[in-house]
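Only one structure is covered here, and it is reproduced in the block below.
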Amino acid sequence: MNHKFLPTITLDLATLEAIKSGELEIRPGQWCEMPLTRRKGQFISVRDGIAYFSWTDQKQSFEDRTQRFCRAIWHQRRKAAGPVTAVQKAPASLQFDTVRDWFKNFDTFNELSA
C-alpha cells in the first residue's frame with residue numbers, strides 16, 4: 001500500500017484498531033485527533049500492538065511541535081539502531097546530556113565495554 005497523508009484522522013476505536021493491526025497504514029507525522037478531547041498529535045509508529053503519538057499543546061509554536069515530534073521519533077527508533085547511528089541521528093534540539101546519558105545506558109555498549 002502506498003502511504004499518503006490524509007486530512008487529520010479522528011482516532012475513534014475502529015480507526016485506532018485499524019492502525020494497530022496494520023489495516024490502515026499511515027506515515028509518521030500524520031496528524032490525528034482524539035474525538036472527546038479534541039487533542040491533536042502526530043503519529044509516530046506501531047510497535048508490539050501499541051500505537052505511539054506525539055501529542056501537542058495548542059499553545060506550542062510550530063518549531064516546538066516539530067522538535068517534540070523529532071525527539072519522539074528518535075526515542076522510538078534509537079533502540080533499534082547501534083549507539084553510533086543513534087547519536088548521529090539525534091535531533092539537533094536534543095540536549096547533549098540526554099544523548100550522553102542514553103549512550104551510557106545502552107545495553108550493547110555496556111556489554112562491549114565489560
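The values are calculated or read from the model by the stated rules, or taken from the named source; none is laboratory data. Treat the numbers as computed from the prediction; the structure is a model and nothing was measured. Here Cβ is always computed from backbone atoms with ideal geometry, including for glycine, and neighbour counts include all displayed protein chains. Remember, those area values only see protein heavy atoms, side chains included, never the ligands or the DNA or RNA. Shrake-Rupley method; radii C 1.70, N 1.55, O 1.52, S 1.80 Å.
Quick look at the numbers
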quantity	calculated
Listed peptides 49-56, 61-68 by packing density, highest first (mean Cβ within 10 Å)	49-56, 61-68
Farthest positive-ward along the stretch 23-64 dipole, Cα basis, beta-carbon charges - from 29, 46, 56	56
Accessible surface ranking that places the most exposed of 15, 37, 8 first, with a 1.4 angstrom probe	37, 8, 15
Two-site FRET efficiency, residue 23 against residue 67, from Cβ-Cβ distance with R₀ of 41 Å, rounded to 0.05	0.85
Solvent-accessible area of residue 24 with every protein chain in place, 1.4 Å probe, in Å² to the nearest 10	50 Å²
